[in-house]
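Q: The structure that follows is given in the form of structure tokens.
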Amino acid sequence: MPADEPADEPAAARGADRRWLLIAVVVAVPILVLIAALAQRTWYPTGDQAQAELRMLSLPGHPPLVGAAGRIADEQVRQGNHPGPLMFWVTWPAYKLLGSSSWAFEAATALVNVAWLTLSVWLVKRRAGLGACAWFGGIALVLIGGFGLDALSQPWNPWVALLPFAVLLLSTWGAIEGDRWSPVLAVAAGSYALQGHVGYLPLVLPLVGIALVAPLTRWWRSPKAPAPGADADVDVDVGAGADDRSTPAGRPRAITWALPMGVAVVVALLAWSGPLWDLLTNDPSNVSKIIANFSSPSDPPIGLKAGIEAVFQTTGPFGSWVWGGAAVEGSAWPGKLFLLAWAVVAVLVTIRGERPALSRFNALLAGTLLVATFAVSRIFGSLYLYTFRWIVVIVALQLFTLGWGLATLVPKPSPILQRRLAGAAVIALVVLSGVTAVRISRQEIPYDQSWRSEQALAPVVASKLDPGTRYLVTWDDPAYLGGLGFGLILDLERRGFDVGGQPQYDAAIEPHRVMCSGDFDQVIIVVTGENTIERYRQREGLTEVAATDPREDPEAWDETADELVDVLNAQKEPGADPVTRDSLERSLNLLLLAPGQTQHVVDLASDLVLGGVPSAVFVDERDPATLGPLEAPDLSSTHTSHPC
């Protein structure tokens, strides 16, 4: 890695250097290539992604006030949402500009990630110099390669928070170093990350707090104004590069920090205006649901021992941050050895004392990692990497400071060698950018077994419906847990149909799409599973309008299902009902979500779900008012904040 600039380089000179923009472009190229590649594909969002795009369709007439629906519920099992809607508000202008299609949503999501990535490159250049910035560019390329197509372009709330979290860490560091506008960036990035996923709460709050308090502490501890007669109006450089110099002119005037702090407050109020309005106008508010969910968790937390193990399993230098993945598995030793190496280099850098800014960043990362470990230990339910994938951002920044620290410990190379290293760095960045672009643009859009089924069903269903009829969309979908139903609501609304859902799904579809008696004329039913579809085909009054079977090898699928039935029967408790193909069909996806299943059961269930499940759509054209209790859709649920 080329050596970074001297610490005493004038701030103005460092700010005037625009070569960091070239690094930012090289780092952004893979995402831009991905956007172009996605434009060549047709994608039908289902599940969480469909729910997200429904909120884009709601804007601007029905702006969402809270975030995506989550595994959040209060004492009455009323589903809650993640804290806020920034991921929708910020993405919507680009979404509209690009045509309001599902590809436009992917592209807008990716472009917002480009903006966060560019900010992170700029922050590193501002604090560390061009050489370290180039090294960070390489780290960033590996990181986004590990994110893949999924985390860079899919509008899923845990993913959209990843790069803002990196900006939060870097801007907090900038605030510690005396950058007066870093608190504003920290508030914006922290708000975006936290509103995307409530799991960021234990990290965002202390980091934003540090970003706000550190500049004030720095101002208070700076020398007081000079004695009378001295030039009291000399300004002090409190921007980039001011971290390692004294301030002989005395304490900066209060306005120096009051202005950015005031802007930070305004940014916070704007960013949180939606959740604040929800808190003031809705009962129950989403905040009350979040508090209730974490005050009385459904399962005990995994504990400190398991939390430490999970952190080390995911912090290896060649682990999740490089290759991605959803599982928390493997040996903890790579993570332990990496932490030891990083700590040793950090201590040596501190002892040498030539890079106090680097040492302070290492201290910030160390504190963040400690808080992160405690946060992981408090996770309850099944442990998936997505619940704390922010850990890979911390690992990437640790590797960045490790490389930067090693560069400061070795003897400074000669000018000739420096030029050669700079040339090699340029070539390496360009090659790595190209490799990353090819890697992520060739990946498949995830959950293809679901969205390809939607692709086969939705256009056919739309062609057989009356645009003047109001439709309630319901589902009997144990395979995709309603994913196809949410996708069908999205597709039909985009085509101009008046559609909605049942009240128990108000957190997912938003309250203005809830339909009660009198709000709809006919009922659409999405059904998955061979046995379930066959039962619906036998029911009177239903018309089958579309069906699809995405399984490439139904015979092999049946063999896997039979094997899973045998395994489950061998494991069941004495006296428990035997597992059949029909009962398996009713609980297929739950086997993947319920804790305590053996890995063999999870693998077999995964093969079945990922292999695709037959699906069909029925329409009940009878007058809803004439339907009996067993035939009418359930609109009586109390597990909703908007009951009928």
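The values are calculated or read from the model by the stated rules, or taken from the named source; none is laboratory data. Predicted model, so just to flag it, every value in this text is computed and none were measured. Positions of Cβ are backbone-derived with ideal geometry, glycine not excepted, and every protein chain shown enters the neighbour counts. All accessible areas refer to the heavy atoms of the entire protein, side chains included, with ligands and DNA or RNA removed. Shrake-Rupley method; radii C 1.70, N 1.55, O 1.52, S 1.80 Å.
Q: Pull the list of the chain cysteines that no other Cys approaches to under 4.7 Å, Cβ to Cβ.
A: Singleton cysteines: Cys133.
Q: On to the next question. Quick one: if you stick a label point 7 Å off each Cα along the C-beta vector at Arg439 and Ser517, how many nm between them?
A: Label at Arg439, label at Ser517, 5.8 nm between them.
Q: A follow-up question, please. Between the alpha-carbon centers of region 335-353 and region 517-556, tell me the distance in whole angstrom.
A: A separation of 60 Å, based on Cα centres.
Q: For a protection proxy built on the mean count of beta-carbon atoms within 10 angstrom, sort 352-363, 621-632, 535-546 highest first, please.
A: 352-363, 535-546, 621-632
Q: With viscosity set to 1.002 mPa s and temperature to 20 °C, compute the Stokes-Einstein D of the chain, Rh being the Kirkwood radius across alpha carbon pairs; µm²/s, no decimals.
A: 80 µm²/s
Q: What percent of all Cα-Cα pairs in region 524-644 falls in each 10 Å bin, counting up from 0?
A: Going out from 0 Å in 10 Å bins, region 524-644 shows 11, 33, 29, 22, 4 percent.
Q: Describe numerically, in nm with one decimal, the distance between label points set 7 Å from Cα along Cα→Cβ at Ala343 and at Val431.
A: In this crude label model, Ala343 to Val431 measures out at 3.5 nm.
Q: Ok, one more. For the pair Ile255 and Glu573, how long in nm is the line joining their label points, each one 7 Å along Cα→Cβ?
A: Going by the 7 Å Cα→Cβ label model, 7.2 nm.
Q: Here is a further query. For helix 415-441, what angle does its Cα long axis make with the longest principal axis of the chain, in degrees from 0 to 90 and rounded to 10?
A: 10 degrees
Q: With charges only on Cβ, +1 for K and R and -1 for D and E, what is the dipole size of region 429-531 about its Cα centre, in debye, rounded to 20?
A: My answer is approximately 460 debye.
Q: Still on this structure, I have one more. Among 328-334, 594-600, what's the highest-first ranking by average C-beta atoms within 10 angstrom per residue?
A: Answer by packing, highest mean first, reads 328-334, 594-600.
Q: Sort the following peptides by mean Cβ neighbour count (other Cβ atoms within 10 Å, averaged over residues), highest first: 411-421, 65-75.
A: 65-75, 411-421
Q: Along region 125-140, what does the Karplus equation 6.51 cos²θ - 1.76 cosθ + 1.60 (θ = phi - 60°) give for ³J(HN,Hα), rounded to whole Hz, x for Gly and Pro?
A: Per-residue couplings from phi come out as 4, 5, 9, 10, x, 5, x, 5, 5, 5, 4, 4, x, x, 4, 5 Hz.
Q: A further question on this structure: With the Cα gyration tensor of region 21-72 giving a ≥ b ≥ c as the square roots of its eigenvalues, does the rule (a/c under 1.5 for rounded; else a/b larger than b/c for prolate; else oblate) give rounded, prolate or oblate?
A: Because a/c hits 1.5 or more and a/b exceeds b/c, region 21-72 counts as prolate.
Q: Ignoring ligands, DNA and RNA, please state the percent of accessible area on region 17-166 from carbon and sulfur, probe 1.4 Å.
A: Summing carbon and sulfur atoms, their accessible area is 66 percent of the total for region 17-166.
Q: Suppose only helical runs count, i.e. DSSP H with n ≥ 4. What mean residue ellipticity at 222 nm does that imply for the chain under -39500 (n - 2.57) per run, divided by all residues and rounded to the nearest 500 deg cm²/dmol?
A: -19000 deg cm²/dmol
Q: Turning to a different aspect of this structure: Using only the alpha-carbon atoms, how far is helix 86-97 inclined from the longest principal axis of the chain? Give it as 0 to 90 degrees, nearest 10.
A: 80 degrees
Q: Rounded to the nearest 0.05, what FRET efficiency do Asp299 and Glu563 give with R0 = 22 Å and r taken as the Cβ-Cβ distance? Could you check? Before the final figure, lay out each step's value.
A: Details: r = 29 Å, r/R0 = 1.32.
Step by step, r from the Cβ atoms, then E = 0.15.
Q: If you don't mind, there's one more thing I want to ask. Suppose the chain between Thr638 and Asp448 were pulled fully straight at 0.36 nm per residue; how much longer would it get relative to their current alpha carbon spacing?
A: Going from the current span to full extension adds 65.0 nm.
Q: Now, a different point. State in Å² the accessible area per residue of the chain; use a 1.4 Å probe, count heavy atoms of protein chains only, and round to the nearest integer. Before the final figure, lay out the partial values.
A: Working: 27630 Å² over 644 residues.
Averaged over the residues of the chain, the accessible area is 43 Å².
Q: What does the charge dipole of the chain about its Cα centre add up to, to the nearest 20 debye, if the Cβ of each Lys and Arg holds +1 and the Cβ of each Asp and Glu holds -1?
A: Once rounded to the nearest 20, the dipole reads 3660 debye.
Q: Under 20 Å from the Cα of Lys305, which lysines turn up, not counting those fewer than eight places away in the same chain?
A: Lys336
Q: Next up: Using a 1.4 Å probe on the protein heavy atoms, what percent of the accessible area of region 432-500 belongs to carbon and sulfur?
A: Ligands and nucleic acids excluded, carbon and sulfur give 51 percent.
Q: Another question, if that's okay. I need the shape label for region 99-218. Rule: rounded when a/c is under 1.5, else prolate if a/b > b/c, else oblate, with a, b, c from the alpha carbon gyration tensor. Can you show the working numbers first?
A: Numbers: a/c = 2.25, a/b = 1.42, b/c = 1.59.
In terms of gyration-tensor shape, oblate.
Q: Could I ask something else about it? From the Cα gyration tensor of region 360-475, with a ≥ b ≥ c the square roots of its eigenvalues, which class applies: rounded if a/c is under 1.5, or else prolate if a/b is larger than b/c, or else oblate?
A: Cα axes put region 360-475 in the oblate bin.
Q: In degrees, nearest 10, range 0 to 90: what is the angle between the Cα axis of helix 182-196 and the longest Cα principal axis of the chain?
A: Around 20 degrees separate the two axes.
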